[in-house]
Amino acid sequence: MIQCARQPGLAQIWEDILGFENCEFYIKRWPQLVGMQFEDVLISFPDAVPCGIKMASYGGKIILNPDDCYVLQEGDEVIVIAEDDDTYTPAPLPKVRRGYPPKDFVGPKSPERILFCGWRRDMEDMIMVLDAFLAPGSELWMFNDVAEIDRERKLIEGGLDFSRLENITLVHREGNAVIRRHLESLPLESFDSILILADESVEDSAIQADSRSLATLLLIRDIQAKRLPYKEAIGSDGFRRSLSEGSWMGEMQQASDKSVIISEILDPRTKNLLYMSKISDYVLSNELVSMALAMVAEDRQINYVLEELFAEQGNELQIRQSDLYLREDEELNFFEVMLRARQRKEVVIGYRLEDAERAIINPPDKVSRRRWSPKDVFVAIAEKE
């Protein structure tokens with residue numbers, strides 16, 4: 001949830017990878033690749049994206065995003081993202097242009113301001129994870145109807161040691177997240193990310209919890225839209241008009257461009273409402289956990305892959321702007337983008353085009369060159385910043 005709150009669009013990508021209808025993780029041995037460097041293994045599969053190695057010489061240790069110079073040894077297995085375990089096989093190396101990325105670094109992390117609406121029984125775990133992800137000087141605002149003195153007691157009983165928080169400062173506000181005047185007391189336009197949690201007071205009823213989350217979402221977006229500066233839009237007839245003269249939904253979509261809101265959803269049917277509105281990303285918390293359990297049940301080795309991608313240290317899924325890998329008007333195929341990313345020690349596994357609603361993981365065509373837009377984004381496995 002925290003990863004998705006900090007990167008818009010990541011919830012959909014995780015849903016696709018953990019589901020069984022799209023691409024997912026597979027681990028298999030390929031004797032014909034022994035002696036090949038990982039950099040070449042990376043572009044050896046037209047129908048899969050290699051992202052790690054299961055190292056036979058280290059007792060089957062799984063390494064995601066290994067060094068380019070790592071040479072596959074006898075008994076090593078390759079971790080890939082593919083449609084199914086029988087849909088991919090190595091092919092001769094394609095002819096590619098390597099080149100150099102236009103940027104050689106990602107700027108240092110800046111302090112962020114995050115808002116949690118609602119109270120979960122595992123709140124202390126979320127706080128510790130958030131503290132590990134954020135830059136020093138960040139703020140976590142906690143807005144719910146639990147009295148402040150009770151919050152501290154619950155957090156301490158849950159195992160939270162306030163002295164261990166290095167990067168975030170807790171800011172407490174008390175109120176009801178479905179009452180507008182309570183929400184209006186918050187600086188909602190100033191938050192980088194907002195997480196609307198399925199409150200433990202209604203967690204026994206998925207429909208009631210989702211109804212509460214949706215009400216909070218609509219109220220927050222409406223308040224944000226009212227506080228945004230006047231903005232004009234060009235209508236389909238060519239005339240200028242303000243968004244406030246247009247649809248109410250248009251105003252809230254404008255607000256969604258300014259900050260990220262992640263809504264924890266318990267009932268899969270609710271996601272269709274959020275998907276159609278385009279005013280919030282979403283996280284199907286219990287469904288994602290079920291998907292992950294089903295994937296591990298099919299191949300328990302995958303647990304080590306998911307464990308690292310979800311942990312505070314190591315590698316994670318990240319959404320990268322296209323200008324990190326390529327220059328404006330440059331034409332590259334997907335294999336070439338992957339090699340550019342390797343110079344930043346990242347594994348690109350897919351992309352989302354500027355006007356697309358969903359990302360494409362493990363694209364089927366990796367050899368046709370195309371001109372990428374500055375607003376296209378890539379999905380990469382990279383070390384946590």
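The values are calculated or read from the model by the stated rules, or taken from the named source; none is laboratory data. For clarity, every value in this text was computed on a predicted model and none was experimentally measured. Virtual Cβ from ideal backbone geometry, glycine too; neighbours counted across all protein chains shown. The area values use the complete protein model at the heavy-atom level, side chains included, leaving out ligands, DNA and RNA. Shrake-Rupley method; radii C 1.70, N 1.55, O 1.52, S 1.80 Å.
Using helices alone, I'd like the mean residue ellipticity at 222 nm for the chain: each DSSP H run of four-plus residues gives -39500 (n - 2.57), total over residue count, nearest 500.
Details: 12 runs with 114 residues, N = 385.
Value at 222 nm, helices only: -8500 deg cm²/dmol.
Expressed to the nearest 5 percent, the antiparallel share of DSSP beta bridges inside segment 111-207 is 0 percent. Across all directions, the average flat footprint of the convex hull enclosing the Cα atoms of segment 330-385 is 4.1 nm². Computed with a 1.4 Å probe over protein heavy atoms only, the accessible surface of the chain comes to 47 Å² per residue. Candidates Q73, M128, H182 compared by Cα position along the dipole of the chain: farthest toward the positive end lies H182, with charges placed on Cβ.
Just the C-alpha atoms of the chain: what Rg/Rh do they give, with Rh taken as the Kirkwood radius?
Answer for the chain: 0.99.
The charge dipole of segment 270-366, taken about its Cα centre with unit charges on the Cβ atoms of Lys, Arg (+1), Asp and Glu (-1) only, comes to about 140 debye. Distance from the alpha carbon centroid of segment 13-66 to that of segment 362-382 works out to 19 angstrom. Each 10 Å bin from zero holds the following percent of Cα-Cα pairs in segment 1-52: 20, 38, 29, 13, 1. The dipole here belongs to the chain: it is taken about the Cα centre, uses +1 on the Cβ of Lys and Arg and -1 on the Cβ of Asp and Glu, and is about 1100 debye.
Along its principal axes, segment 15-115 has C-alpha extents of 49, 35, 31 angstrom, given from the largest down.
Expressed as a whole percentage, what fraction of the accessible surface of the chain belongs to carbon and sulfur atoms when a 1.4 Å probe is rolled over the protein heavy atoms?
50 percent
Percent of Cα-Cα pairs more than 21 Å apart in segment 92-224, please.
50 percent
Please tell me which of these pairs span more than 27 angstrom C-alpha to C-alpha: K54/K384; K54/K366; K109/K271? Exceeds cut-off: K109/K271. Considering only beta bridges that DSSP places wholly inside the chain, some 60 percent are antiparallel.
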